[in-house]
Amino acid sequence: MPDLATVVIVPGLREHVADHWQTLLEARLKRTRNVVAVPTLPRSNLSCNERVEALQETLGNIAGAVLLVAHSGGVATLVHWAARHSRAEIIGALLAAPADLETPLPEGYPSLPSLRDKGWLPLPRVRLPFRSIVAASSNDPLASLTRVEQMASAWGSDCVYIGAVGHLNPASGYGEWLQADDFIARLDRTSL
């Protein structure tokens with residue numbers, strides 16, 4: 001049996017949280033890498049370019065097949081990366097609860113002018129060059145289901161409805177999200 005693809009975790013704009021499903025997934029998987037914008041920057045640094053280049057650097061240090069797992073603003077990092085870079089060995093991406101950065105976010109999140117100034121807007125709407133699954137929540141406070149469906153369609157992603165799970169984060173009651181393992185297995189053709 002061939003080796004499993006390396007899974008690269010692409011966190012949202014708030015970085016890693018100890019009880020977040022991505023952090024717990026990372027601990028469960030044997031070959032996982034983190035993507036952090038630049039470890040020495042404060043969490044308030046919202047630079048899209050720096051996060052995209054952190055992803056590019058991480059991918060440059062991995063040999064073989066790669067599967068990307070992005071959540072929230074991490075999905076935006078991934079689609080900006082895909083609009084600027086390419087890598088043939090990416091076999092798929094799980095895009096969970098993408099945040100709609102083009103619509104005003106709730107209080108406590110970055111404003112549209114801040115996101116524009118930091119290079120996030122407009123969000124790329126081009127077909128991704130690898131298979132992808134968008135896991136869509138029906139009651140996500142950071143993106144309406146209609147907007148998520150539009151993004152998934154533009155990216156050429158399969159849109160899978162995962163129910164009323166909020167933003168799929170600890171604030172919505174999610175630590176462990178074991179369905180991620182099923183999506184990863186579905187995308188990881190190297191494990192067939």
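Overview of values
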item	result
Qualifying positions in segment 175-192 - outside any helix (DSSP H, G or I) and either of a type in the set (D, E, K, R) or under 27 Å from Pro124 (Cβ atoms) (or both)	Glu176, Trp177, Asp188
Single match in Pro104, Pro113, Pro98 (criterion: open to solvent by 10 Å² or more (accessible area, probe 1.4 Å), part of a loop (DSSP other than H, G, I, E, B) and either out of contact with any strand residue (DSSP E or B) (no Cβ under 6 Å at 6 or more places or on another chain) or charged (D, E, K, R) (or both))	Pro104
Residues that are open to solvent by less than 70 Å² (accessible area, probe 1.4 Å), in contact (Cβ under 8 Å) with a residue 40 or more places away in the chain and closer than 21 Å to Val148 by Cβ, drawn from segment 116-128	Trp120, Leu123, Pro124, Leu128
Hits in segment 156-182 (condition: hydrophobic (A, V, I, L, M, F, W, C) and either modelled with pLDDT of 95 or more or over 14 Å from the mean Cα position of the chain (by Cα) (or both))	Cys159, Val160, Ile162, Ala164, Val165, Ala171, Trp177, Leu178
Options Ser157, Ser153; residue that is small (Gly, Ala, Ser) and farther than 20 Å from Leu25 by Cβ	Ser153
Residue identified as among the hydrophobic types (A, V, I, L, M, F, W, C), assigned to a helix (DSSP H, G or I) and more than 16 Å from Cys159 (Cβ to Cβ) among Trp81, Trp120	Trp81
So Leu168, is it closer than 21 Å to Leu13 by Cβ, of a type outside the set (Val, Ile, Thr), part of a loop (DSSP other than H, G, I, E, B) and in contact (Cβ under 8 Å) with a residue 60 or more places away in the chain	yes
From the options Val160, Val134, residue that is open to solvent by less than 10 Å² (accessible area, probe 1.4 Å), closer than 27 Å to Pro104 by Cα and outside any helix (DSSP H, G or I)	Val134
Candidate set from segment 53-81 (those that are more than 12 Å from the chain's Cα centre (by Cα) and farther than 17 Å from Ile91 by Cα); member that is surrounded by the fewest Cβ atoms within 10 Å (Cβ to Cβ)	Glu57
Residues satisfying the stated conditions in segment 93-114, i.e. modelled with pLDDT of 95 or more and more than 9 Å from the chain's Cα centre (by Cα)	Ala99, Asp100, Leu101, Glu102, Thr103, Pro104, Leu112, Pro113
Unmet requirement for Asp140, which otherwise passes all of (1) assigned to a loop (DSSP other than H, G, I, E, B); (2) exposed (fewer than 14 other Cβ atoms within 10 Å of the Cβ)	(2)
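The values are calculated or read from the model by the stated rules, or taken from the named source; none is laboratory data. The model shown is predicted, which means the values in this text are computed figures rather than measured ones. For neighbour counting, all protein chains shown are included, and Cβ atoms are generated from backbone atoms with ideal geometry for every residue, glycine included. For the accessible areas, the whole protein counts, side chains as well, though only heavy atoms, and no ligand, DNA or RNA atoms are used. Shrake-Rupley method; radii C 1.70, N 1.55, O 1.52, S 1.80 Å.
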